[in-house]
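Right, one structure below, let's go through it.
Derivation of every value follows stated rules applied to the coordinates shown; laboratory data play no part. From a predicted model like this one, the values you see are computed outputs, not experimental measurements. Cβ placement follows ideal geometry from the backbone for every residue including glycine, while neighbour counts extend to all protein chains displayed.
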Amino acid sequence: MFVVDSVKLKPGHSEDELKFAAARKAGIGAGKISEIKILRKSIDARDRENVRLVYSLALSAVGANRRFPEYRESADRVAALVKNKLNKPLRVAVIGAGPAGLMAALTLQAGGINPVLIERGGDAEAREKAVNALKSQGVLNTECNVQYGMGGAGLFSDGKLNSGISREFFPAVFGELVSLGAPKDILYESHPHVGTDKLKDVVTNASARLRSGGTEIKTFSRLDDIEVSDGKIVGIALSTGERLAVDAVILAIGHSAFDTFRMLAAKGVLMEPKPFSVGVRIEHLQSFINEGRYGKFAAMLPPAEYKFSAKSASGRGVYTFCMCPGGEVIVSSSDPGTIVTNGMSYRARSGSNANAAILVSVTPSDFNGSLFGGFEFRSRIERAAFAAGGGRYGAPVQYLGDFIGMPVKNKLPPTVSPVGGECDLTTVLPRFVADGLKDAVAAFDLNLKGFMAPGSPLIGAETRSSCPVRILRGESGESSIGGIFPAGEGAGWAGGITSSAVDGVKAALKLMRKFGE
Ligand SMILES: Cc1cc2nc3c(=O)[nH]c(=O)nc-3n(C[C@H](O)[C@H](O)[C@H](O)COP(=O)(O)OP(=O)(O)OC[C@H]3O[C@@H](n4cnc5c(N)ncnc54)[C@H](O)[C@@H]3O)c2cc1C
């Protein structure tokens, strides 16, 4: 097979049209093509009047022109990345069952190691119950919630898999997800998306595969302490009272567990403060976004996305983040007396509203560069949001018009549940964040006319887009304490589902390399 790129077609095209366009690009007759494999599909909507689907294709054809590159299959499962299986017993614990921890555990298993997987929250079903109790009764379970439990922070998400990192590991990671029940189109869509409903199946299937391969999964078990000897980890203590002897640990704890970061720092795991961002969620009607991005082509295309960035008057970076077409805003708190927002959607993305975070960059100098100043900074905002929402886990809302001083008409009802009272977001956010948001919405309106609709709800507070610290790791992938392999978003080296999953795979491969020597 050989590869042809930039095959462009109008939305709504047929399979035959794709074949003819591919043949034209390859300079051969369509009848000569015996197989077409879509390698990548994207939407070019730079010109709203002339939206095009753009394909990269692998073709099997008689008499193919040799000027086209040959198609090479990539590793399509994480097992294919494991060069040598480890043939000696090794006691490994993976802490955290988010994308990084799950992929690390699957990779270790493929490499002949059965780790014990330790997760402070419950399984997908227990989490669903806990999240529903928050939605309907305003009761937060601080150990089992949108951040904590099997699947990690990604379970109640949009399941967007786009990432800016190198694509090298994508075929193996996405192939693994497909083998666990994710939709096949994630293998070629340029903006792959799974949806929270499908993610639950993926996580349940991943747990079953790990268990049937011999991996023990301990849910509702929090890592509370580590035992170190001669600069290496030798044991872990869990909230259940259990103590386990270990040779190595993959630490994939996400960015919410401040208690665990504090414990690790006290034990000598070196980390440094890093920049992150805070802001709010904004909602619009999805039909408005579709029309604005795709014009007359909107009905022929999936719900539209957007991504904007700007500089505030004071020079801060402000950008939209984690846009969820046809989704809903979800209260994602894990600490008592706090409100944290995020967005999620189902596979169909059929909700009436679109939401996205608008975030302003924060640097360590905003909290005097202290190691845990970032955690405290975000926690102050989360507590203020809780108070502004009425103190019952209802997310506080302010209409954009009220925020920027424009008359508010046609208020769009927010999708978040529970919803708190209307508030003044300047009492929740630091001044520079509120000012940055005001500057940015005006700039974003230039990209999409009507973005600055006064009736758009702003919902606070969005504080957990990335980790406020980075755990230092050396060439071997270990932390300052030997045998600890930090991975994923909590380690501060990844952001989002895909890069965290890839980082989990890499941590497992590094661990195997170290102990295989
Ligand atoms: C509502 C929501 C929507 C999102 N939508 C998207 C999206 O569409 N696309 C995207 O790319 N990203 C999205 N994200 C972000 C994404 O989920 C994270 O980037 C990703 O999950 C990070 O993976 P991780 O494995 O590093 O950490 P996490 O997923 O945070 O997993 C860490 C796990 O460690 C466990 N843990 C923590 N401390 C301990 C301890 N002491 N002992 C035992 N277990 C512990 C936690 O319970 C958790 O399950 C979303 C996040 C949220 C909250």
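Computed over Cα pairs, the Kirkwood radius of the chain leads via Stokes-Einstein (0.692 mPa s, 37 °C) to a diffusion coefficient of 136 µm² per second. Mean separation of Cα pairs under 8 Å and 6 or more residues apart, divided by the residue count, gives the range 2-61 a relative contact order of 46 percent.
In this simple spin-label approximation, residue 301 and residue 37 carry label points 7 Å from Cα along the Cα→Cβ vector, and these lie 2.8 nm apart.
Summarising the amide proton neighbourhood of residue 165: residues at separation of 5 or more, or on other chains, whose placed amide H is nearer than 5 Å comprise an empty set. For the listed residue pairs 311/409; 311/411; 135/160; 409/449; 129/200, the alpha carbons are over 19 angstrom apart in 311/409; 311/411; 135/160. Simple spin-label estimate for residue 17 and residue 392 gives 5.3 nm between the two label positions (7 Å along the Cα-to-Cβ direction from each Cα). In straight-distance terms, cross-link reach from residue 88 covers every one of the aspartates and glutamates whose alpha-carbon lies under 16 Å from its own, apart from those fewer than eight places away in the same chain; here that gives 247, 517. The amide H of residue 492, built 1.01 Å from its N in the peptide plane, has 471 as neighbours under 5 Å, considering only residues 5 or more places off or on other chains. Computed from backbone phi, the HN-Hα couplings of the range 87-95 come to 9, 9, x, 9, 9, 10, 10, 9, 9 Hz, rounded to whole numbers (Karplus: 6.51 cos²θ - 1.76 cosθ + 1.60, θ = phi - 60°; Gly and Pro given as x).
Contact order for the range 275-462, expressed relative to its length and based on alpha carbon pairs under 8 Å spaced 6+ residues apart, stands at 30 percent. From the largest down, the range 195-257 spans 45, 29, 21 angstrom on the principal axes of its Cα atoms.
The label-point distance for residue 350 and residue 408, in a model that sets each label 7 Å from Cα toward Cβ, rounds to 3.1 nm. Computed across the range 132-205, the Kirkwood radius stands at 13.5 Å (inverse of mean 1/r, all Cα pairs). Taking every Cα-Cα distance in the range 2-61 and sorting them into 10 Å bins starting at zero, the pair-distance distribution P(r) comes out as 24, 55, 18, 2 percent. In the chain, Cα pairs under 8 Å separated by at least six residues give a relative contact order of 18 percent.
If you wrap the tightest convex hull around every Cα atom of the range 21-106 and split its volume per residue, you get 169 Å³. Taking amide H as placed 1.01 Å from N in the peptide plane, residue 353 has its amide H under 5 Å from the amide H of 286, 327, each at least 5 places away in sequence or on another chain. Stretching the chain fully between residue 259 and residue 449 yields a gain of 64.0 nm (0.36 nm per residue, less the alpha carbon separation).
The range 21-72 and the range 341-415 have their alpha-carbon centroids 43 Å apart. Residues of the range 475-490 falling in the label zone of residue 228, defined by backbone nitrogen less than 19 Å from a point 7 Å along Cα to beta-carbon, are 475-487.
Normalised by 2.2 N^0.38 Å, where N is the number of residues, the alpha-carbon radius of gyration of the range 451-502 equals 1.70. Rounded to the nearest 500, what is the 222 nm mean residue ellipticity of the chain from helices alone, with -39500 (n - 2.57) per DSSP H run of 4+ residues and division by all residues? Result for the chain, helices only: -8500 deg cm²/dmol. With all pairs of separate Cα atoms included, the range 275-462 yields a Kirkwood hydrodynamic radius of 16.5 Å.
For the pair the range 244-293 / the range 448-466, the C-alpha centres are spaced 20 Å from each other.
Here the extension length gained between residue 368 and residue 167 equals 68.7 nm, from 0.36 nm per residue of separation less the Cα-Cα distance.
Between residue 60 and residue 76, residue separation times 0.36 nm minus the direct Cα-Cα distance comes to 3.8 nm. Ordering 212, 89, 69 by the projection of their Cα atoms onto the charge dipole of the chain, which places +1 on the Cβ of Lys and Arg and -1 on the Cβ of Asp and Glu, puts 69 at the extreme positive end.
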